[in-house]
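The structure under discussion appears below in the form of structure tokens.
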Amino acid sequence: MKKGKLIVLEGLDGSGKGTQISLLDEYIRSSGQKAYITAEPTISSTGGLIRDALGGHIKRDAYELSALFLADRIFHNVNPKNGIRNFIEKGIDVICDRYYYSSFAYQGIDADLDWVMNMNLDCRDILRPDLCIFLDVDTSLCDDRISENRFDREIYENAEAQKRIRKRFFEVFQKLGDSENIKIVDASRTVSEVSADIIKIYNELKEN
Ligand code: TYD
């Protein structure tokens, strides 16, 4: 049986990942295929520890936070109930809102980037995505979208941090080079323009 594809959407906070994932999901279903939508951090107990830290309720060291994301990602891949690997093996595409690229860009600033990259990339339980789509937006646009949608801001949700994180994403993509299939999409355009690009990239992947 043909395996499913693991497709990751990445982008800064407020880059429109959620909207675009719903539209991609709608498209996949309407074309008679199946998709499983998921996100990191997950809703596991480790995910709960992470969310407490992101909310600023508990202060955690960058290495500790990286390790929590790693543990959550392993669980996300291998748990027998709804782990990513299960769906991929059954031929179902998995669309994941954030993955290890976020660990590299967010935690790889305060923790050593190579350390964060190696522990994720060297872990055999963690699948390598077939495709990563990065929704690129100007950080000021993100800031406006965050202000519209959030009551409380998480620790990374400020303009300065977002600028540093965007820069880091591009450094990481350069470092990964051809070892990963990364597509950068200009997400400052209309929702339908961005969605059309994402669907085109998805179809190209499926044709291969
Ligand atoms: P959340 O509000 O759950 O979703 P989003 O902003 O993607 O709509 O926030 C997730 C936060 O977690 C976001 O600020 C990025 C951060 N994050 C990391 O720092 N490292 C990681 O490895 C992942 C997966 C997320």
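The values are calculated or read from the model by the stated rules, or taken from the named source; none is laboratory data. Since the structure is predicted, the reported quantities are computational estimates derived from the model, not experimental observations. Using ideal geometry, Cβ is built from the backbone for each residue, glycine included, and neighbour counts are taken over all protein chains shown. To get the accessible areas, we keep the full protein, side chains included, count just its heavy atoms, and leave off ligands, DNA and RNA. Shrake-Rupley method; radii C 1.70, N 1.55, O 1.52, S 1.80 Å.
Observations
- Average accessible area per residue (Å²) across the range 20-133 - probe 1.4 Å, nucleic acids and ligands excluded: 46
- Taking trypsin sites (Lys or Arg not before Pro) in DSSP loop conformation with at most 11 other Cβ atoms inside 10 Å as exposed sites, the chain has its longest uninterrupted site-free stretch at 125-208.
- Taking other residues whose beta carbon is less than 11 angstrom from the beta carbon of GLU89, and scoring Lys, Arg as +1 and Asp, Glu as -1, yields +4.
- Theoretical ellipticity at 222 nm over the chain - DSSP helices of four or more residues, -39500 (n - 2.57) apiece, nearest 500: -15500 deg cm²/dmol
- Prolate/oblate/rounded label for the range 21-161 (Cα gyration tensor, a/c 1.5): oblate
- Cα gyration tensor shape of the range 55-110, rounded if a/c is under 1.5, else prolate or oblate by comparing a/b with b/c: prolate
- Of the accessible area of the range 20-70, computed with a 1.4 Å probe over protein heavy atoms only, carbon and sulfur atoms account for 55 percent.
- In percent, rounded to a whole number, the relative contact order of the range 55-208 is 26, using alpha-carbon pairs under 8 Å and six or more apart.
- DSSP H segments from the chain that extend 18 Å or more along their own axis, Cα-based, with Kyte-Doolittle mean of 0.0 or above: 62-78
- Annotation for ARG29 and TYR63: the two label points, set 7 Å from Cα along the Cα-Cβ direction, are 4.5 nm apart.
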